[in-house]
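Notes follow the structure.
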Amino acid sequence: MKAEIKHKNKTYNIDLSKALDISLVLRGDEKNPVAWYLNAPKIQPVVDGDFIGKVTSGSSTNFNNIQFNPHGHGTHTECVGHITREFHSVNETLKNFFFTAKVISIEPEKIGEDMVITEHQIRSWLKVDEVEAVVLRTLPNYIEKRSKKYSHTNWPYLEEAAARYLRECGIKHLLIDLPSVDKEKDAGKLLAHKAFWDHPKNTRFDATITELIYVASKIEDGIYILNLQIASFENDASPSKPILYKTE
Ligand SMILES: N[C@@H](CC(=O)c1ccccc1NC=O)C(=O)O
């Protein structure tokens, strides 16, 4: 199935049968990626007295409970409600699901003990008003990211000015293959989150940050159409399934 998309005086041709899934798989075992000092998610049959919700245990259906954390266990999309005292639901703020997107690969720079994605690096890959979403793939892009244990690793992060520049470029949706756009242990500063959402000065309630994606190396840098789907959770964040379509 092919589609011709007209948007802001440009035409994009995409093939809907060639979906590039950039979400992580969420599974109930130790292979699942983990951040924020959590244990693995659990996917287990409902047990109620003699009843076990598993066909091989005599039930008519497989009937699992799932226990996971959207921020720590996989690909998730969050709105500014992640950092505000008042409640904001990602389900109420994300109302469109297709965007123009640019995939950018960046090798973070070593600054002291930290690995940092700088404004200077992003400036060389992104111009003002080019696209609505940026998909940031950090280099090196090793396959173990799909099961990485991130707690206490001081993962790479975006410098505040880089997040501000993304906002100034008109980026509404930022996607990254790390557990956070910010430094793991930052004493709650959340500088990149705040700069991207322009919070609290001029909060962009309709902007989202998607973390813990995985962009396979076969996906080339360039312009795509992004389909950003979430589950309808009334929460600051939801597990999400971003899909890219190469444009012609
Ligand atoms: N870096 C923060 C903690 C933090 O950002 C955080 C903690 C738990 C779950 C998610 C978090 N941030 C996600 O973007 C701090 O050190 O207080």
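Return the residue satisfying two criteria in turn: it lies in segment 103-118 and is more than 20 Å from residue 142 (Cα to Cα) and assigned to a loop (DSSP other than H, G, I, E, B), and of such residues it is nearest to the ligand (Cβ to nearest atom). Step by step, filter segment 103-118, then rank; the result is 113.
Checking the stated criteria, residue 174 turns out not to satisfy the condition of being farther than 18 Å from residue 242 by Cα, buried (at least 20 other Cβ atoms within 10 Å of the Cβ) and out of contact with any Asp or Glu (no Cβ under 7 Å at 6 or more places or on another chain).
Might you let me know whether segment 53-66 holds any residue that is touching a Phe, Trp or Tyr at 6+ places or on another chain (Cβ under 7 Å), under 19 Å from residue 133 (Cα atoms) and either basic (Lys, Arg) or part of a loop (DSSP other than H, G, I, E, B) (or both)? Scanning segment 53-66 turns up no residue that is touching a Phe, Trp or Tyr at 6+ places or on another chain (Cβ under 7 Å), under 19 Å from residue 133 (Cα atoms) and either basic (Lys, Arg) or part of a loop (DSSP other than H, G, I, E, B) (or both). For the criterion of being in a loop (DSSP other than H, G, I, E, B) and more than 16 Å from the ligand (Cβ to nearest atom), residue 92 fails. Restricting 77, 100 to residues that are within 18 Å of residue 240 (Cα to Cα) and either touching a strand residue (DSSP E or B) at 6+ places or on another chain (Cβ under 6 Å) or within 16 Å of the ligand (Cβ to nearest atom) (or both) narrows the list to 77.
Considering only segment 8-38, state which residues are over 20 Å from the mean Cα position of the chain (by Cα) and surrounded by fewer than 13 Cβ atoms within 10 Å (Cβ to Cβ). Those that are over 20 Å from the mean Cα position of the chain (by Cα) and surrounded by fewer than 13 Cβ atoms within 10 Å (Cβ to Cβ): 8, 9, 10, 11, 16, 17, 18, 29, 30.
A residue that is in a loop (DSSP other than H, G, I, E, B), hydroxyl-bearing (Ser, Thr, Tyr) and modelled with pLDDT of 95 or more occurs somewhere in segment 79-87.
When 171, 243 are checked against the criterion of being in a loop (DSSP other than H, G, I, E, B) and under 21 Å from residue 7 (Cβ atoms), a single residue qualifies: 171. Residues that are in a helix (DSSP H, G or I) and charged (D, E, K, R): does segment 192-209 have at least one? Looking through segment 192-209, at least one residue is in a helix (DSSP H, G or I) and charged (D, E, K, R).
For the structure I just gave you, tell me whether residue 40 is within 19 Å of residue 148 (Cβ to Cβ), away from the ligand (no atom under 16 Å from the Cβ) and at pLDDT 95 or above. Answer is yes for this residue.
Residues in segment 206-229 that are in contact (Cβ under 8 Å) with a residue 24 or more places away in the chain and away from the ligand (no atom under 16 Å from the Cβ): 16 in all.
Suppose we keep only residues that are within 9 Å of the ligand (Cβ to nearest atom) and of a type in the set (A, V, I, L, M) within segment 177-191. Which one would you say is surrounded by the most Cβ atoms within 10 Å (Cβ to Cβ)? Top of the filtered list is 181. The listed residues are 84, 61, 75, and the only one of them that is among the β-branched types (Val, Ile, Thr), over 23 Å from residue 198 (Cβ atoms) and either surrounded by fewer than 16 Cβ atoms within 10 Å (Cβ to Cβ) or without any contact (Cβ under 8 Å) to a residue 60 or more places away in the chain (or both) turns out to be 61.
The values are calculated or read from the model by the stated rules, or taken from the named source; none is laboratory data. Remember, predicted model here, so these are calculated numbers, not experimental data. All Cβ positions, even for glycine, are placed from backbone atoms using ideal geometry, and neighbour counts span all protein chains on display.
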